[in-house]
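One structure is given below, encoded as structure tokens.
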Amino acid sequence: MKDEEVKKSNHWYLVLLICLIFGFIAGWIYKTTRSSSIKERLLPISFGSHTKSSFSCETKFGATIFPEQSYESDEETIHVEGNLSRGGSSIAIKVENEIMSLITSTAVEIGEAEPSKFEIIENSDQRLKAVFADEGLSGSSINTFMLDKNTGYAIWTKASASSLIPDLPNGQVYYLNCL
């Protein structure tokens, strides 16, 4: 039983490491392929006061890692596939006092009305950092959101200890342009 727990915890670190690698690759690809018109955007962007503001973000790149268990041989193996996508959904963000509310256009389309409530760790002139821990139907997950207010670029990560099928850690990372 203890060996099984150690194996599961090792999978968690592997998924998190792969998510971070995909995030850095997505950021590098975006940085090298973006047009000059983006570079001419007026900076810094005003995100309002530190206590209350609303803004939106657009997904530029996203990477997901969802492992699968395989029983094709006598030995149980885990196959990990990563997907890198360009573009995607929009995100609405509202900052009020020490809480950041985040909801995606995809969530609204499927009927979700409640945004995720992130706890703000830092809200300065340079950056906004927030974290959200969730205990849902498919297990526990941790979300992080980090925005560079000088450039308007952000990264949102989601890491889950397990999912419904299969019961393995998985992760997602999104590179965002916030307005």
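The values are calculated or read from the model by the stated rules, or taken from the named source; none is laboratory data. Here the structure is a predicted model, which is why all the values come from computation and not from measurement. Counting neighbours? That spans all protein chains shown, and the Cβs are built from the backbone with ideal geometry, glycine included.
Structure values in brief
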{"quantity": "Qualifying residue in region 160-176 (condition: surrounded by fewer than 19 Cβ atoms within 10 Å (Cβ to Cβ), out of contact with any Pro (no Cβ under 8 Å at 6 or more places or on another chain), under 16 Å from THR104 (Cβ atoms) and at pLDDT 90 or above)", "calculated": "no"}
{"quantity": "First in region 120-131 and at pLDDT below 95, second anywhere and small (Gly, Ala, Ser) and not in a strand (DSSP E or B), Cβ under 9 Å, 6 or more apart", "calculated": "none"}
{"quantity": "Single match in GLY111, GLY88, GLY48, GLY62 (criterion: loosely packed, with under 12 Cβ neighbours inside 10 Å and at pLDDT 70 or above)", "calculated": "GLY111"}
{"quantity": "Residue satisfying all of: in region 98-108; modelled with pLDDT under 90 and within 21 Å of SER53 (Cβ to Cβ); surrounded by the most Cβ atoms within 10 Å (Cβ to Cβ) among these", "calculated": "THR104"}
{"quantity": "Segments classed as strands (runs of 3 or more DSSP E), wholly inside region 107-179, with at least 3 members that are more than 20 Å from CYS57 (Cα to Cα) and of a type outside the set (Lys, Arg)", "calculated": "127-136, 139-148"}
